[in-house]
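Contents: one structure, followed by commentary.
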Amino acid sequence: MLTLFHHPMFATCRFVRLAFGEYGEELALIEEKPWTRRKEFLALNPAGTLPILLAEGDVPIVGAMVIAEYLDETRGVLKRDKRLFAEDPMERAEIRRLTDWYLNKAESEVTRHLVRERVLKPVMPETAGGGSPDSAAIRAARANIRQHMKYTNWLAGTRHWLAGNRVTYADLAAAAALSVLDYLGEIDWREHSAARQWYT
């Protein structure tokens with residue numbers, strides 16, 4: 001069984017778990033607190049970031065999209081119409097664009113800040129950056145949610161799925177990001193009916 005080093009409140013880690021779940025693959029999960037900078041963890045990834053997949057032969061594969069590419073190449077190509085990537089290069093480009101939107105753009109503008117300020121800082125030691133939440137960072141992230149939700153609502157309202165006619169990595173990336181915000185009670189679904197219907 002493959003092993004995933006993850007944190008349950010990181011959208012990138014949720015994305016990887018969703019992808020493996022779509023393919024019916026089980027994962028052994030190890031919850032990691034990257035701010036502790038454990039030696040064993042840094043030996044797997046000196047950058048100290050998540051997620052990390054220990055693949056066959058205990059080779060570490062680092063980063064959500066790198067893991068997704070590995071999963072597609074080793075499992076996805078056998079899934080035919082359930083594959084989370086497309087065969088067509090232009091369709092694959094759109095899937096990659098939207099996956100990047102949610103795992104990088106939304107992460108850097110919204111999710112990372114709310115998770116850090118509301119969830120992580122209260123439990124992190126001060127030496128690792130813990131302490132009281134930064135209200136200015138929270139306000140800025142909340143202001144940014146609106147644009148991301150408007151865009152998601154537009155995508156969901158004009159397409160069958162976010163990147164086209166079937167479920168792809170783009171949908172899983174968006175679902176992972178929004179699930180974190182939804183868990184924190186940060187999304188007003190009443191204003192985004194198409195996104196709500198897609199999400200549920």
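Has the range 2-10 got any residue that is touching a residue at least 60 places away in the same chain (Cβ under 8 Å), surrounded by 14 or more Cβ atoms within 10 Å (Cβ to Cβ), farther than 20 Å from residue 84 by Cβ and more than 17 Å from the chain's Cα centre (by Cα)? The answer is no, given that none of the residues of the range 2-10 is touching a residue at least 60 places away in the same chain (Cβ under 8 Å), surrounded by 14 or more Cβ atoms within 10 Å (Cβ to Cβ), farther than 20 Å from residue 84 by Cβ and more than 17 Å from the chain's Cα centre (by Cα). For residue 127, the conditions (1) more than 19 Å from residue 108 (Cα to Cα); (2) in a helix (DSSP H, G or I); (3) in contact (Cβ under 8 Å) with a residue 24 or more places away in the chain all hold with the exception of (3).
Within the range 24-53, restricting attention to residues that are over 18 Å from the mean Cα position of the chain (by Cα) and part of a helix (DSSP H, G or I), the residue that is surrounded by the fewest Cβ atoms within 10 Å (Cβ to Cβ) is 39. So which of 75, 96 ends up being in contact with an Asp or Glu (Cβ under 8 Å, 6 or more places away or on another chain), under 25 Å from residue 163 (Cα atoms), crowded, with 17+ Cβ neighbours inside 10 Å and basic (Lys, Arg)? 75 is the lone residue from the list that is in contact with an Asp or Glu (Cβ under 8 Å, 6 or more places away or on another chain), under 25 Å from residue 163 (Cα atoms), crowded, with 17+ Cβ neighbours inside 10 Å and basic (Lys, Arg).
Remark: residue 86 falls outside the filter, which requires a residue to be over 15 Å from residue 168 (Cα atoms) and touching a residue at least 60 places away in the same chain (Cβ under 8 Å). Among all positions in the range 171-181, there is no residue which is among the charged types (D, E, K, R) and touching a residue at least 40 places away in the same chain (Cβ under 8 Å). Only a single criterion out of (1) touching a helix residue (DSSP H, G or I) at 6+ places or on another chain (Cβ under 7 Å); (2) in the same structural domain as residue 19 (by TED's automatic domain parsing); (3) under 27 Å from residue 24 (Cβ atoms); (4) not acidic (Asp, Glu) is not satisfied by residue 70, namely (1).
Here residue 187 passes the criteria (1) surrounded by fewer than 18 Cβ atoms within 10 Å (Cβ to Cβ); (2) of a type outside the set (Ser, Thr, Tyr); (3) more than 20 Å from residue 96 (Cα to Cα) except the one numbered (1). Residues of the range 2-41 that are closer than 15 Å to residue 120 by Cα and of a type in the set (A, V, I, L, M): 9, 11.
The values are calculated or read from the model by the stated rules, or taken from the named source; none is laboratory data. Keep in mind that what you see is a predicted model, and the values were worked out from it rather than measured. Positions of Cβ are generated from backbone atoms using ideal geometry, with glycine treated the same way; all protein chains shown enter the neighbour counts.
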